Amino acid sequence: MRERLLAAEKVKAIEWKDGQLHLLDQRKLPLEEIWHTYESAAAVATAIREMIVRGAPAIGISAAYGLVLGLKARLDEGGDWRAALEADFDVLSNSRPTAVNLFWALNQMRERLERLKPGDDPLAAAEAQAASIHASDREANLTMAQFGVDLIRKHQGNPQNLLTHCNTGALATGGFGTALGVIRGAHLEGLVECVYADETRPWLQGSRLTAWELAGEGVPVTLNADSAAAHLMKTRGITWVIVGADRITANGDVANKIGTYQLAVLAMHHGVRFMVVAPSSTIDMDLETGDDIPIEERAGHELLEVNGQRFAADVEAFNPVFDVTPADLIDAIVTEKGVVERPNAAKLAALMSRKRLH
Ligand code: MRU
């Protein structure tokens, strides 16, 4: 399956070339494919905040490259580059609060710079570290796709109707995707009848990004309003809900795109299995439960307007963009280190003590 997944690869959102970061503007897709070039940490932080790049692993990878850009500028300035670089760590850390991959990737960069030996080239070391974060995310996607497909097959082999939320594909990662990587793999294995994609209000990651990625690869995809999920589970024979994650706490609670929690409640009621797919860089063992996860609230205009055009009444809007699904509503968490079924604190601790598989 690995080779077939690699052969099917079409979309990418992040490119590092000649010391510059290039990002595909996800605010414009699918109508326009516009790439922007970045040369400073602050500009990358703005791109993350404005969701030119989005999705937990993609945010982490971009932040790592953003730090390389910051380091280059600090070295060019002369003086104490380590002290000056703290401002770049800060600006990138403050771009978005929920996806722990951002902080994980910055931490990897910090640790690499702390391990420099006399005579080492800091810029070359940082660039190699960022490239390695990028490459290992792609590898993790491939491993998770295989694990997820095995899990689907273990429970039921026939072509199935799957439901997904938000965008967890090539646009959101360094590779093929987390949940969408499993869905791509399942399609290649002939296990998919239809993928139902929640439109994912208000930012429309489902209708703009997931539907575009899947349709572009010939995966049968049908779009539905988020509020159609219960009806779909009741009438369309959905067997699995498959989603990604922005942060998973030590007890197995999962923060993901707003609307994920209600899908898990609905899945439990309808006897539909619920799979979360995320690399181990999304697991935050420092937080005990999902109650500790900072939930990003974005500006009300994302709810009140479409394409800058106001359509809502003149009221305030409340726009939390993530929610937390309790571990006891989750059938399986799939990571590159292995699969945890019916997650709890002991199983997560055992998983995290394993070495990475690649
Ligand atoms: O606000 P977004 O688009 O960054 O939210 C993305 C999600 O919630 C994804 O499901 C999650 O980051 C996993 S992406 C592989």
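Before moving on, here are some points about what is shown:
- Ranking by accessible area, most exposed first, for K257, K28, K234 with a 1.4 Å probe: K234, K28, K257
- Relative intensity, log₁₀ I(q)/I(0), of region 2-135 from a Debye sum that treats every alpha carbon as a point, q = 0.20 Å⁻¹: -1.15
- Relative to the longest principal axis of the Cα atoms of the chain, the long axis of helix 122-155 lies at roughly 10 degrees.
- Convex hull volume per residue in cubic angstrom - Cα atoms of region 33-105: 73
- Take the chain and mark each of the chymotrypsin sites (Phe, Trp or Tyr not before Pro) that is in a DSSP loop with at most 11 other Cβ atoms within 10 Å; the longest unmarked stretch, sites excluded, is 1-310.
- Antiparallel DSSP beta bridges within region 193-289, percent to nearest 5: 15
- In this structure, the amide hydrogen of G338, modeled 1.01 Å from its nitrogen in the peptide plane, lies closer than 5 angstrom to no residue at least 5 positions away or on a different chain.
- Taking the longest Cα principal axis of the chain as reference, the axis of helix 56-77 is set at about 10 degrees.
- Taking every C-alpha pair closer than 8 Å and separated by at least 6 residues, the mean separation divided by the residue count of the chain gives a relative contact order of 16 percent.
- On region 70-155, 50 percent of the accessible area sits on carbon and sulfur atoms, based on a 1.4 Å probe.
- Rolling a 1.4 angstrom probe over region 250-358 with all protein chains present gives an accessible area of which 52% lies on carbon and sulfur atoms.
- Accessible area per residue in Å² at 1.4 Å probe, computed on region 139-352: 37
- Contact order normalised by residue count of region 224-358, Cα under 8 Å, 6+ apart, percent: 29
- Residues with amide H under 5 Å from that of L223, placed H, sequence gap 5 or more: A197
- The convex hull built on the alpha-carbon positions of region 139-352 has an orientation-averaged projected area of 11.6 nm².
- For region 25-150, relative contact order (Cα pairs under 8 Å, six or more residues apart, normalised by length) works out to 26 percent.
- Dipole magnitude (debye, nearest 20) for the chain, charges at Cβ of Lys, Arg, Asp, Glu: 1080
- Accessible area per residue in Å² at 1.4 Å probe, computed on region 2-135: 45
- Largest to smallest accessible area among K72, K117, K337 [probe 1.4 Å]: K117, K72, K337
- Computed 3J(HN,Hα) for region 179-196, one whole-Hz value per residue from the Karplus formula 6.51 cos²θ - 1.76 cosθ + 1.60 where θ = phi - 60°, is 4, 6, x, 5, 5, 4, x, 4, 5, 4, 8, x, 9, 10, 7, 8, 9, 8, glycine and proline marked x.
- Sequence of I258, I248 from largest to smallest accessible area, 1.4 Å probe: I258, I248
- Inverse mean reciprocal Cα-Cα distance (Kirkwood Rh) of the chain, Å: 20.5
- Rounded to the nearest 10 degrees, the angle from helix 260-270 to the longest Cα principal axis of the chain is 20 degrees.
- DSSP bridge orientation in region 241-358 - percent antiparallel, rounded to nearest 5: 60
- Restricting attention to the chain, close to 50% of DSSP beta bridges with both partner residues there are antiparallel.
- Phi to ³J(HN,Hα) by Karplus 6.51 cos²θ - 1.76 cosθ + 1.60 over region 36-48, Hz, x for Gly, Pro: 10, 10, 10, 10, 9, 4, 5, 5, 5, 4, 5, 4, 5
The values are calculated or read from the model by the stated rules, or taken from the named source; none is laboratory data. From a predicted model like this one, the values you see are computed outputs, not experimental measurements. No Cβ is skipped: glycine too gets one built from the backbone with ideal geometry, and neighbour counts run over all protein chains shown. We work out accessible area using only protein heavy atoms, side chains counted, and drop any ligands, DNA or RNA first. Shrake-Rupley method; radii C 1.70, N 1.55, O 1.52, S 1.80 Å.
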